Amino acid sequence: MDIERPTADDAASRILAAIGTTPTPDSVDEFLAGDPSTVVTGAVTTMMATVDVLERAVTHGANFIITHEPAFWDHRNESIDALVAEDDPVYRRKLSYIQSNGLVIWHLHDAMHRVRPDLVDVGTLRRIGWAIPDGLAYPAVIDIEPMRLADLATFVAKRLNASSARYIGQPDLHVKRVGLALGFRGSPSIRHLLQAGGVDAVLIGEAHEWEVGAYAADAVTLGFRKALVVLGHVPSEQLGMTEITEIARRVLPGTPVDFIPCRDPYWAAENV
């Protein structure tokens, strides 16, 4: 028997209901492009709806893209008027590709971070292979099998395919308690994690180098046994979308749902 395909709007509503959080008035969880009444032929989840991801979605036969980060390079989608006024060629060509392929893009960000435990933390910890403690909440602090900082940074970077990972701290630092500030959580939040008693290293996605990076470097120089591991925004968060993939498959029976990881766009320069 044929299963009736949902519209993008209906699919989004089912996923939000399954996550179990109520949208707030100022939420960025909204449709960014396309007609929400479009019937979904297939869905993909991704960290960021880059052109590369959109092209792979079309190859998969999917027209509904669920993205954790914005499609047009602005968290609150407030730059559209400026991009249109400037006749920005990148925006124009990307929008043309979306429209010509009948794609619908839905921004799913806030609901994932509001649920407890945070779905981004859950997906990332699962991929790393660390246990998810009961009552996990941000700021998340977890205990791990002790290891050297250099080994920790290498291990986590490989597990998350973080090809541009870096760290601040003494390579031989003994790490057994780790703070998580995945994605971009703001300088005060990361600083407080670094200050926390018993926390040896903090894993982050990204931060302002002149704030958090400089603070961590000064702490190390002053003799504090602390470390900062910078994984990159995308690799630190994108495994959270695998949690959404499983949720979407449950609530959208008969609709193909795939996770498309973002490729790291950065090339590592040769050491000078």
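Every read-out reported here was derived from the displayed coordinates using simple, explicitly stated rules and does not represent laboratory data. Here the structure is a predicted model, which is why all the values come from computation and not from measurement. FYI the Cβ positions are ideal-geometry reconstructions off the backbone, even for glycines, and counts take in every protein chain you see.
Some notes on this structure:
- Among W210, V220, A268 the positive-end extreme of the charge dipole of the stretch 154-272 (Cβ point charges): V220
- Crossing angle, helix 240-251 versus the chain [Cα axis fit, 0-90 degrees, rounded to tens]: 40
- The stretch 119-236: C-alpha gyration tensor shape, a/c 1.5 cut-off, then a/b vs b/c: rounded
- Between the stretch 67-133 and the stretch 166-181, the alpha-carbon center distance in angstrom: 29
- Tensor-based shape of the stretch 1-122 (alpha-carbon gyration tensor, a/c under 1.5 rounded, otherwise prolate or oblate): oblate
- Estimated 222 nm signal from helices in the chain, with DSSP H stretches of n ≥ 4 weighted -39500 (n - 2.57), rounded to 500: -10500 deg cm²/dmol
- Candidates T24, T46, T255: whichever shows maximal mean-square fluctuation once the chain is modelled as a Gaussian network with Cα springs under 10 Å: T24
- Of the peptides 7-17, 190-200, the ranking by mean beta-carbon count within 10 Å, highest at the top, reads 7-17, 190-200.
- The chain - percent relative contact order, Cα under 8 Å, separation 6 or more: 23
- For the listed peptides 155-166, 234-245, a ranking on the average number of other beta carbons within 10 Å per residue, highest first, reads 234-245, 155-166.
- Dipole of the chain, positive end: most advanced residue of S96, Q170, P253 [Cβ charges, Cα centre]: Q170
- Simple point charges give the picture: +1 on the Cβ of Lys and Arg, -1 on the Cβ of Asp and Glu, and for the stretch 119-236 a dipole about the Cα centre of about 180 debye.
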